[in-house]
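What follows is a single structure, written as structure tokens, with notes after it.
The values are calculated or read from the model by the stated rules, or taken from the named source; none is laboratory data. Note that the coordinates shown come from a computational prediction; the quantities given were computed from them, not determined experimentally. Cβ coordinates were reconstructed from backbone atoms using ideal geometry, including for glycine residues, and neighbour counts include every protein chain displayed.
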């Protein structure tokens, strides 16, 4: 595997770059510094809110590309580069359907903030790991002064088995993505990580042959097809792994960092 031509690295966050506690590997800051020294661009691509990503990477904010809300928005140097908002009527339809199911938590994700109705502690714990800027409101359907990027279901009993069968019919009009064991994300049909990555590549004149990506869940699959060097984590969902060309160690074992070290060795050898 010749990684010497890689100019862009893109990684998912939860289950990929972050460990189970939501922490960065202790080796990451130095590796990131070396990537920048070698003019290799670095992007994070996540279902997380942009403001949550900023909180994780504030010291290197201006050196990162942020693909947030599962590709619905791309931010760089605190500026919006690209976004694909949802149609409001579709977002409201999802909310109405999910509220009939019971025992599900809803998040309406806007450009300005995320909006929730419930502050049950069992929900707030995972919610606050992914969202930093939010408002508690009485009725999500009354939010009208923000562009909607995404609607998310949090199903603490397990999203794949308990919620997905009830909302799969939305796939005809929207992206419906399992983005984790308890999360289902709804975005515009064109809003997904692969399309967002394609826009980033086009902007910088970087080809898929010069791109390396990492992921672990269904919302990463389209991104894999945009890179010659696509890696599924050892801990990835079993149905996701075949979509990547390669596999690396788990997020707990620093799988991303292991491959980035190989990348840096290849670049050094090339030089």
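Summary table
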item	result
Some residue of region 52-64 being within 27 Å of residue 164 (Cβ to Cβ) and in contact with a strand residue (DSSP E or B) (Cβ under 7 Å, 6 or more places away or on another chain)	yes
The listed residue being surrounded by fewer than 22 Cβ atoms within 10 Å (Cβ to Cβ) and within 28 Å of residue 214 (Cβ to Cβ), out of 198, 179, 163	198
Selection count where residues are within 18 Å of residue 175 (Cα to Cα) and surrounded by fewer than 19 Cβ atoms within 10 Å (Cβ to Cβ), scope region 222-238	1
Criterion: modelled with pLDDT under 95 and either surrounded by fewer than 20 Cβ atoms within 10 Å (Cβ to Cβ) or over 22 Å from residue 172 (Cβ atoms) (or both) - qualifying residue of 268, 211	268
Qualifying helices (runs of 4 or more DSSP H) (wholly inside region 160-240; at least 1 residues being assigned by TED's automatic domain parsing to the domain that holds residue 253, without any contact (Cβ under 8 Å) to a residue 40 or more places away in the chain and touching a helix residue (DSSP H, G or I) at 6+ places or on another chain (Cβ under 6 Å))	221-224
Residues of region 1-41 classified as surrounded by fewer than 19 Cβ atoms within 10 Å (Cβ to Cβ) and within 28 Å of residue 107 (Cα to Cα), total	6
Residue pairs meeting the criteria (Cβ under 6 Å; at least 6 apart or on separate chains; first under 13 Å from residue 6 (Cβ atoms), in region 252-271; second part of a helix (DSSP H, G or I) and modelled with pLDDT of 90 or more)	260/31; 264/34
Options 74, 54, 44: the member that is surrounded by fewer than 20 Cβ atoms within 10 Å (Cβ to Cβ) and either in a strand (DSSP E or B) or modelled with pLDDT under 95 (or both)	54
